[in-house]
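See structure below.
The values are calculated or read from the model by the stated rules, or taken from the named source; none is laboratory data. Because the structure is predicted, anything quoted here is derived from the model rather than measured. For neighbour counting, all protein chains shown are included, and Cβ atoms are generated from backbone atoms with ideal geometry for every residue, glycine included. Ligands, DNA and RNA are stripped out before the accessible areas are found, and what is left, the full protein with its side chains, is counted by its heavy atoms. Shrake-Rupley method; radii C 1.70, N 1.55, O 1.52, S 1.80 Å.
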Amino acid sequence: MKDRLEALRVEALAQLQEVADAGRLNDLRVHYLGKKGQLTEILRGMGGLSAEERPVIGQVANDVRAAIEAVLADKQAAFDRAETARRLAAETIDVTLPGRSVATGSIHPLTKVTQEIEDIFLGMGYTIAEGPEVETDYFNFEALNLPKDHPARDMQDSFYITDEILLRTHTSPVQIRAMKNADGATPLKVICPGRVYRRDDDDATHSFMFHQIEGLVVGPDIRMSDLKGTLLQFVQAMYGPQVQIRLRPSFFPFTEPSAEVDVTCTQCGGQGCRMCKHSGWIEILGCGMVHPKVLEHGGFDPEQVSGFAFGMGVERIALLKYDIDDIRHFYNNDLRFLGQFARM
Ligand code: PHE
């Protein structure tokens, strides 16, 4: 029995030396040391041994098992190391490679300026109102004291869809909608941002579609001085405390009196330059005291309340703020242009 055990040791160790993979190693483990393996098989004959022989053979059997187990463990460890090395090699990450940058978008300059203007007026207690871009003739003209055939309709060349429906030519129709919504309640303080459309030929300063922000205040004792103070506050918040305003008499059918507002030229600070045509002033908006007929169309009694309104072009405000020379930059969606406003 001892010889068989020794033979088993020699055979097993020889076989184990040649093992080349973990699968084969496990097969051999089962073959020699498993429940139905060679060693168990031999030990089954232990019962027939004498009491003196038994511990001797037992010792040899244990030695053989230990020897085989030791080689198995060595081999297993070697395979494990090789496997780890293989995976490390396969899963290597080169941490020195430059990362792939993620392209982040940025807010469009017109949106940015709109939000800035909204913030300034929200800070003065205004709320934001909106109206449809496809508007009725009534809201766009009629209710604003521009009856059909009124010559002032020519001031704003319109895109008509039917005789009664058009693309709004300004945000002033939202004045009427906001007044009707207020249902006679004062004070009413709203600004109305949005797109407007005019049949203009596109050039550096004109576009068939552009953006306006309308302002409207209606209350018991609203005066021209309130309008002027509000606008001064606004332009100084927008362009800086050094900026002044100037009101020039003008005409709009929906305001009386009406004015056009100039700001100190943002380019030369009022000294006179090419941008302000050497006047030192730049026109930024139209405004006036709400015409009594317009108040009536909005459901207010012009004997009881008064109001002021203004309307400005967002593109124009943005051109001045960012020193841009062509309005078309805003619409071409050239990322080289738009990207410049990411951190402004
Ligand atoms: N709606 C006028 C325009 O588009 C601007 C304006 C608004 C003037 C409100 C006076 C009052 O030119």
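A few comments on the model shown:
- The conditions of being within 27 Å of His329 (Cβ to Cβ) and open to solvent by 30 Å² or more (accessible area, probe 1.4 Å) are not met by Asp149.
- Answer residue from the range 209-236, given it is open to solvent by 50 Å² or more (accessible area, probe 1.4 Å) and either outside the structural domain of Phe254 (by TED's automatic domain parsing) or without any contact (Cβ under 8 Å) to a residue 12 or more places away in the chain (or both) and is nearest to Gly298 (Cα to Cα) among those: Ser225
- Which listed residue is within 30 Å of Leu335 (Cβ to Cβ), of a type in the set (A, V, I, L, M) and open to solvent by 60 Å² or more (accessible area, probe 1.4 Å), from Leu97, Leu88: Leu97
- All positions within the range 207-236 that are farther than 21 Å from Tyr126 by Cβ and assigned to a loop (DSSP other than H, G, I, E, B): Ser207, Phe208
- Ser250 vs. criteria in contact with a Phe, Trp or Tyr (Cβ under 8 Å, 6 or more places away or on another chain), within 16 Å of the ligand (Cβ to nearest atom) and in a strand (DSSP E or B): no
- Being surrounded by fewer than 15 Cβ atoms within 10 Å (Cβ to Cβ), within 13 Å of the ligand (Cβ to nearest atom) and on the phi < 0 side of the Ramachandran plot is a condition met by no residue of the range 292-309.
- Unmet criterion (only one of (1) free of Cβ contacts under 8 Å to residues at least 12 places away in the same chain; (2) open to solvent by less than 50 Å² (accessible area, probe 1.4 Å); (3) touching a helix residue (DSSP H, G or I) at 6+ places or on another chain (Cβ under 7 Å)) for Ile68: (1)
- Of all residues in the range 1-36, those satisfying the criterion of being modelled with pLDDT of 85 or more and of a type in the set (Lys, Arg) are Arg24, Arg29, Lys35, Lys36.
- Contacts under 7 angstrom Cβ, first residue in the range 296-325 being part of a strand (DSSP E or B) and modelled with pLDDT under 95, partner open to solvent by 10 Å² or more (accessible area, probe 1.4 Å) and not β-branched (Val, Ile, Thr), 6 or more apart: none
Residue by residue, here is whether (1) open to solvent by less than 20 Å² (accessible area, probe 1.4 Å); (2) in a strand (DSSP E or B); (3) within 27 Å of Glu142 (Cβ to Cβ) holds:
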site: Met238; (1), (2), (3): yes, no, no
site: Pro241; (1), (2), (3): no, no, no
site: Arg246; (1), (2), (3): no, yes, no
site: Glu256; (1), (2), (3): no, yes, yes
site: Val261; (1), (2), (3): yes, yes, yes
site: Gln267; (1), (2), (3): no, no, no
site: Ile282; (1), (2), (3): yes, yes, no
